[in-house]
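Below you'll find the structure, written out as structure tokens, and then a few comments.
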Amino acid sequence: MKRINPVLLAALSTFVVFTNCKKDEKDPEPEPVVETPASYTVPVTYDFGANMSLTSSNQRVAMFRELITYVRSTHTATANVTLSEQKMINMFSNTGNPFADAGNLGLNASGISLKEKTNNIYGAAQELEAIFKEAATVSQTTVSGTNGTAGKVLGPVPTTTGAVQAAYLMSSKGFEYKELVEKGGMGALMYSEAMTLLKNIGSYDNTTVIAGKGTAMEHAWDEAFGYFSVPVSFPTTTTGVAYWGSYCNSVNGVLGTNATIMNAWLKGRAAISNKDVAGRDAARDIVVATWEKVGAARFITYMKQAKTNFANDGARNHSLSEGVGFIRAFKYNPAKTISDGDINLLMGYIGSNLYEVTETNIQLSIDKMAAVFNLDATKL
């Protein structure tokens, strides 16, 4: 057997070691491993344990409800009720213990207000305060409202025994003050806050847990959900739905919006708690799109009501005031489907004087909204 030269063997060993070292140096960095979130349970109700809080949004919704109830107190055909501008301002800014707080939510001592959340770039707080002032002044008049004159405008005479005739406090151009405050607040407060929180959801800390609230990201999602104003067991339970939640429920028979949006609320919150970023964002997009579609659908229903009651100034202008509020709310959604140009077109159809709107233009607004959101207006 031929022996291997020891010197050659040592040289070959050195070459092999050197070659291996060079190979290691050239290996690319391993690809980062994207961890697939472990499967997790999505609860069937909005119950995410002790570290969850809907308190502040629930308090603001309760404050808003008291404010609207107060403005609506003028809606009586048989009495003249006057409003206090100062009382509305106090309720708006939560000063001077203005709330009856029937739900014992601690509204007066909460340290929060409606005004602080409507002080946005659109000047909503100033706009609402101007409406308070005008509504208080008009509520003192006993002159009936007509085109060019602000005052109370009656609805159709009831045809059913015991039915109460509707009455609305309106501006000289037919805009109903209660709706200006209610739909204005629904857009400038609830919708605006929720859309802002959801838009920025990825920027919140999702590591540090604050007892009773969860992480900042979890709490932001909870706040947004609270402004939707539905029970935690929605849609199994619809008792107590209010404002946006109520309107969602009203179009559910046609659009199936209840389960769609609630499932998204639940999946998004569970995704946040389980660090599932993709799941969170997918759920967020569904909430935003469904919420916007609810507004579009309700606009159409109010426009159809305006056509049905076209001959009665009170009923027609009431429905138009509701519809205009939904159009104006769209601007608070940075991910809205409808364009600014289409919003302006819709507002142009309705015009600035509700006494002078035409049935043709109302129908054009219905057709446009239906086309933008691919809705069948005949079913709404």
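The values are calculated or read from the model by the stated rules, or taken from the named source; none is laboratory data. Remember, it's a predicted structure, so these values are computed and weren't measured experimentally. Don't worry about glycine lacking a Cβ; one is built from the backbone with ideal geometry, like all the others, and counts go over all protein chains shown. Calculation scope for accessible area: heavy atoms of the full protein, side chains included, ligands and nucleic acids excluded. Shrake-Rupley method; radii C 1.70, N 1.55, O 1.52, S 1.80 Å.
In segment 198-229, which residues are under 22 Å from residue 72 (Cβ atoms) and either at pLDDT below 95 or in a loop (DSSP other than H, G, I, E, B) (or both)? Within segment 198-229, 229 is the sole residue that qualifies. Being of a type outside the set (Gly, Ala, Ser), free of Cβ contacts under 8 Å to residues at least 40 places away in the same chain and open to solvent by less than 30 Å² (accessible area, probe 1.4 Å) narrows it down to one residue among 206, 200, 258; which is it? Selected residue: 258, the only one of 206, 200, 258 that is of a type outside the set (Gly, Ala, Ser), free of Cβ contacts under 8 Å to residues at least 40 places away in the same chain and open to solvent by less than 30 Å² (accessible area, probe 1.4 Å). Each residue in segment 246-262 was checked for being over 16 Å from residue 286 (Cβ atoms) and touching a Pro at 6+ places or on another chain (Cβ under 9 Å), and 1 pass. Summed over segment 113-159, the residues that are of a type in the set (A, V, I, L, M) and surrounded by fewer than 17 Cβ atoms within 10 Å (Cβ to Cβ) give a count of 5. Condition first: part of a helix (DSSP H, G or I), farther than 17 Å from residue 299 by Cβ, of a type outside the set (Lys, Arg) and open to solvent by 40 Å² or more (accessible area, probe 1.4 Å). Can you find one or more residues in segment 179-197 that meet it? Among the residues of segment 179-197, at least one is part of a helix (DSSP H, G or I), farther than 17 Å from residue 299 by Cβ, of a type outside the set (Lys, Arg) and open to solvent by 40 Å² or more (accessible area, probe 1.4 Å), which makes the answer yes. Return a yes/no flag: does segment 157-177 have any residue that is in a helix (DSSP H, G or I) and either touching a residue at least 40 places away in the same chain (Cβ under 8 Å) or touching a Lys or Arg at 6+ places or on another chain (Cβ under 8 Å) (or both). Yes, the conditions are met somewhere in segment 157-177. The condition (being of a type outside the set (Gly, Ala, Ser), modelled with pLDDT under 95 and open to solvent by 10 Å² or more (accessible area, probe 1.4 Å)) is satisfied by just one residue among 331, 368, 307: 331.
So for segment 157-178 (the condition being in contact with a strand residue (DSSP E or B) (Cβ under 8 Å, 6 or more places away or on another chain) and charged (D, E, K, R)), does at least one residue qualify? For segment 157-178, residues in contact with a strand residue (DSSP E or B) (Cβ under 8 Å, 6 or more places away or on another chain) and charged (D, E, K, R): present.
Looking only at segment 201-238, residues that are β-branched (Val, Ile, Thr), within 19 Å of the chain's Cα centre (by Cα) and within 30 Å of residue 69 (Cα to Cα) come to 3 in all.
Close Cβ contacts (under 9 Å, 6 or more residues apart or on different chains) running from residues in segment 32-55 that are closer than 13 Å to residue 275 by Cα to residues that are modelled with pLDDT of 90 or more and loosely packed, with under 13 Cβ neighbours inside 10 Å comprise 37/278.
A residue that is in a loop (DSSP other than H, G, I, E, B), modelled with pLDDT of 50 or more, surrounded by 13 or more Cβ atoms within 10 Å (Cβ to Cβ) and in contact with a Gly (Cβ under 7 Å, 6 or more places away or on another chain) occurs nowhere in segment 80-100.
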